[in-house]
Amino acid sequence: MSQARTDDFEVRRKHLSSLSEVELEQRFWSLTEKVVEPLIELAKTHTTPSIERSVLLRMGFSSLEAKTLVDKVIEKDLIGKGAGHIVYLAALKHKMALREAGLKLADGDPDLWQFIESYFREGRPI
């Protein structure tokens, strides 16, 4: 013997009952985009040392190199610009390999850091 539902499911789904399966799926993805949108915006403006180390690991740096680089980026108050982005800009400007630029930044190369700091301070194009 089955018992009737004691919740308000039928009332709450009434506005969806006329939708086809395709329309329900479209509505689902539309609502999902609305839920995820703030997370995407947050990710564009916020990062963590862990995320930045992860990016550098994928660029070919060891975990110790990545930690040193991220520490330097934090020290320069540039973590919001992205450690990988900083390495990329230094490599592009000075026409060197990513790894070479990253290691020089990790070692505190004054020329590279001066370029990076002025780039973000003045917003100069390369």
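Structure notes:
- Index of the failed condition, S54 passing every other in (1) within 23 Å of G123 (Cβ to Cβ); (2) surrounded by 10 or more Cβ atoms within 10 Å (Cβ to Cβ): (1)
- For G108, the stated conditions do not hold, so it cannot be described as within 24 Å of H46 (Cα to Cα) and out of contact with any strand residue (DSSP E or B) (no Cβ under 9 Å at 6 or more places or on another chain).
- Selection count where residues are within 21 Å of L103 (Cβ to Cβ) and exposed (fewer than 10 other Cβ atoms within 10 Å of the Cβ), scope segment 34-49: 0
- If you go through segment 22-69 and keep only what is assigned by TED's automatic domain parsing to the domain that holds Y88 and over 17 Å from the mean Cα position of the chain (by Cα), you end up with G60, F61, S62, S63, L64, E65, K67, T68, L69.
- Candidates L105, L89, L78, L98 - the one that is surrounded by 16 or more Cβ atoms within 10 Å (Cβ to Cβ), touching a Leu at 6+ places or on another chain (Cβ under 6 Å) and assigned by TED's automatic domain parsing to the domain that holds R53: L105
The values are calculated or read from the model by the stated rules, or taken from the named source; none is laboratory data. Since we're looking at a predicted model, the values are computed, not measured. A quick note on method: Cβ atoms are made from the backbone with ideal geometry, for glycine too, and the neighbour counts reach across all protein chains shown.
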